[in-house]
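**Q** Would you mind keeping the following structure in view while I ask a few things?
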Amino acid sequence: MSLADRLSEDKLCNGDIKPECSSPALIVGHYCHDKITLPGGRRVDALGGSVSYITNVFEALGVFAVVVSKVGQDFIYGSMLKYPPLVVENQSTTEFFADFTAGDERLLKVGHVCEAIYPKDILSNRKYDIGLAVGIAGEILPETLEVMIATARIVVVDIQALIRTFDPVTRVVSLRRLEETPFYGLLHRISYIKAARNEAAYIDLEAVRKLTCVIVTDGANGSKVYCKETEWRIPPFVAMDVDQTGAGDSFLAGFSAGLYQGLSVYQAARMGNYFGALAVEQVGVPHFKPHQLEKLQEIRRSEMENIVGSKLSSVAPKLSVPLQNGRHVEAILTKKQSE
């Protein structure tokens, strides 16, 4: 089935949120092999990579995407993917070893790393409503991100794609300061950056929030949105924590899908919190049940009614969010007065 046929058949998003979605979402980043040691010591092998969690949420919400990802010939999950990666000869699939037995913070090591995603790997003559840069092992180059900025109306970046590095000997993953990376000069052209609480320590938040909108996730505490002089706390959803792997990716997927469907930043972040909560209740890429998606729709309808009823659209502050080529869009955030 051609992309045009798929666009016509699926309509890509809920009609009551956004009547027409003429362009797909773009997701850039590698799939990987995850080898997870759970808090109790049990070891699990699973499909990994931010792109696997994001496409999973997108599919549940009916958001069609174009995926740019690379794996080696040893990739074992190809048959279960709706969006298959490019298989590169003489390369091994990126692999991660995540150990959750050491306490609150996981110990993360990288094994094999597949080759980078280059600008030529992205179709530069196609336009996208939203582009997600979700690299996991340095595979997104600055020049590749520039192509994404040029082709996507909204650009959302997971900060791990910009600041993650690893020791060449021990293979332990670490982080570097954002201002020390070659990506810093592109921040003013990025719409949103998502960072986990521990990653946010590597950002000069006061400086970065003047350039782009920053969303910081904090597990059971929910998330916060920072943009210029305004900040918002987004309340969490209660969840039973089984496996934290992919929670941030699921948040980013829900948030980005919300933006794609025309939701406000606040509502999109709430949707991100919802999918992040669902993700931690399962090991590996989560499976969403119909009643969980129905509950999301109920939450969205209820919160939309509250917004309309209280006329928050006329009093809520606006965030100026950068789009491609330095353009900006005004995004209305809704605020709960009790927070």
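The values are calculated or read from the model by the stated rules, or taken from the named source; none is laboratory data. Predicted model, so just to flag it, every value in this text is computed and none were measured. Positions of Cβ are backbone-derived with ideal geometry, glycine not excepted, and every protein chain shown enters the neighbour counts. Calculation scope for accessible area: heavy atoms of the full protein, side chains included, ligands and nucleic acids excluded. Shrake-Rupley method; radii C 1.70, N 1.55, O 1.52, S 1.80 Å.
Residue-by-condition table, conditions (1) open to solvent by less than 20 Å² (accessible area, probe 1.4 Å); (2) modelled with pLDDT under 95; (3) part of a loop (DSSP other than H, G, I, E, B):
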site	(1), (2), (3)
Gly41	no, yes, yes
Leu47	yes, yes, no
Asn56	no, yes, no
Glu59	no, yes, no
Asp74	no, no, yes
Lys82	no, yes, yes
Ser92	no, no, yes
Thr101	no, yes, yes
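**Q** Kindly list the number of the only condition in (1) part of a loop (DSSP other than H, G, I, E, B); (2) open to solvent by less than 60 Å² (accessible area, probe 1.4 Å); (3) modelled with pLDDT of 95 or more; (4) not small (Gly, Ala, Ser) that fails for Tyr202.
**A** Every listed condition holds for Tyr202 apart from (2).
**Q** A follow-up question, please. Output yes when any residue across segment 165-176 is within 24 Å of Gln261 (Cα to Cα) and without any contact (Cβ under 8 Å) to a residue 40 or more places away in the chain, and no when none is.
**A** no
**Q** Could you tell me whether segment 160-176 includes any residue that is within 19 Å of the chain's Cα centre (by Cα) and charged (D, E, K, R)?
**A** yes
**Q** Looking at segment 205-240 only, could you name the residues that are touching a residue at least 40 places away in the same chain (Cβ under 8 Å), outside any strand (DSSP E or B) and closer than 20 Å to Val157 by Cβ?
**A** Passing the criteria: Leu211, Thr212, Lys228.
**Q** Suppose the filter is touching a Pro at 6+ places or on another chain (Cβ under 8 Å) and either closer than 18 Å to Val44 by Cα or hydroxyl-bearing (Ser, Thr, Tyr) (or both); does Thr93 pass it?
**A** Considered against the rule, which asks whether it is touching a Pro at 6+ places or on another chain (Cβ under 8 Å) and either closer than 18 Å to Val44 by Cα or hydroxyl-bearing (Ser, Thr, Tyr) (or both), Thr93 comes out as no.
**Q** Looking only at segment 31-49, how many residues end up being in contact with a strand residue (DSSP E or B) (Cβ under 6 Å, 6 or more places away or on another chain) and within 30 Å of Lys127 (Cβ to Cβ)?
**A** If we filter segment 31-49 for residues that are in contact with a strand residue (DSSP E or B) (Cβ under 6 Å, 6 or more places away or on another chain), which is where we start, we get 31-37, 43-46, 48-49.
Now narrow it down to the ones that are within 30 Å of Lys127 (Cβ to Cβ): 31-32, 48-49.
Final tally of qualifying residues: 4.
**Q** Given (1) assigned to a helix (DSSP H, G or I); (2) touching a residue at least 24 places away in the same chain (Cβ under 8 Å), where does Glu115 come up short, assuming only one miss?
**A** (1)
**Q** Could you count how many residues in segment 137-149 are over 15 Å from Gly185 (Cβ atoms), surrounded by fewer than 24 Cβ atoms within 10 Å (Cβ to Cβ) and among the hydrophobic types (A, V, I, L, M, F, W, C)?
**A** Counting residues in segment 137-149 that are over 15 Å from Gly185 (Cβ atoms), surrounded by fewer than 24 Cβ atoms within 10 Å (Cβ to Cβ) and among the hydrophobic types (A, V, I, L, M, F, W, C) gives 1.
**Q** Moving to a separate point now. Out of all the residues in segment 126-136, is one or more touching a strand residue (DSSP E or B) at 6+ places or on another chain (Cβ under 7 Å), more than 26 Å from Phe255 (Cβ to Cβ) and open to solvent by less than 80 Å² (accessible area, probe 1.4 Å)?
**A** For segment 126-136, residues touching a strand residue (DSSP E or B) at 6+ places or on another chain (Cβ under 7 Å), more than 26 Å from Phe255 (Cβ to Cβ) and open to solvent by less than 80 Å² (accessible area, probe 1.4 Å): absent.
**Q** Take the residues of segment 183-199 that are in a helix (DSSP H, G or I) and of a type in the set (A, V, I, L, M): which is nearest to Ala253 (Cα to Cα)?
**A** Leu187
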